[in-house]
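Notes follow once the structure below has been shown.
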Amino acid sequence: MWKAQGDSHVYLMLEEDGTSTGYDGCNTVGGTWMGEQDGVTITLGNVTEVLCPHDDTWLLDARAVTRDGDELIVLDESGTTIGRLRGEE
């Protein structure tokens with residue numbers, strides 16, 4: 001499991017079967033992922049649509065991740081870094 005640091009409840013799980021699940025602190029997200037030479041491409045599918053009291057929903061914009069040591073750098077569709085997640089057991 002990869003989690004945001006601090007008080008955040010944001011996490012992303014990349015399962016061996018190619019599915020992904022995550023939580024942005026308000027909504028859950030499911031989809032698929034595919035490993036590529038320079039990282040992982042994420043395709044979001046199921047997203048709950050709960051009205052969130054905060055604007056910290058960056059995980060819903062994730063389209064790719066690259067690894068940097070023990071962190072995943074989360075990228076949006078344009079390749080801009082939108083967040084970082086740390087590996088946890």
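The values are calculated or read from the model by the stated rules, or taken from the named source; none is laboratory data. What you see is a predicted model, and the numbers here were worked out from it, not measured in a lab. Every residue, glycine as well, gets a Cβ built from its backbone with ideal geometry; the counts of neighbours run over all protein chains shown.
Look at (1) surrounded by 15 or more Cβ atoms within 10 Å (Cβ to Cβ); (2) outside any strand (DSSP E or B) and you find that residue 83 fails only one, number (2). Taking only pairs six or more apart or across chains, which ones have beta-carbon atoms under 6 Å, a first residue in the stretch 64-83 that is among the hydroxyl-bearing types (Ser, Thr, Tyr), and a second residue that is at pLDDT below 90? Partner pairs satisfying both residue conditions: 66/39. Of the residues that sit in the stretch 28-57 and are modelled with pLDDT of 85 or more and not β-branched (Val, Ile, Thr), which one is surrounded by the most Cβ atoms within 10 Å (Cβ to Cβ)? Among them, the one singled out is 33.
Within the stretch 8-43, can you find the residues that are under 15 Å from residue 58 (Cβ atoms) and assigned to a loop (DSSP other than H, G, I, E, B)? Across the stretch 8-43, the qualifying residues are 8, 9, 10, 24, 25, 26, 27.
For the stretch 1-27, the set of residues classified as surrounded by fewer than 17 Cβ atoms within 10 Å (Cβ to Cβ), within 18 Å of residue 82 (Cα to Cα) and β-branched (Val, Ile, Thr) consists of 21 only.
Against the definition (within 10 Å of the chain's Cα centre (by Cα) and aromatic (Phe, Trp, Tyr)), how does residue 33 come out, yes or no? When the stated conditions are applied, residue 33 does not pass them. With the condition kept exactly as written, say whether any residue in the stretch 37-60 is touching a residue at least 40 places away in the same chain (Cβ under 8 Å) and over 12 Å from the mean Cα position of the chain (by Cα). Yes, the stretch 37-60 contains a residue that is touching a residue at least 40 places away in the same chain (Cβ under 8 Å) and over 12 Å from the mean Cα position of the chain (by Cα).
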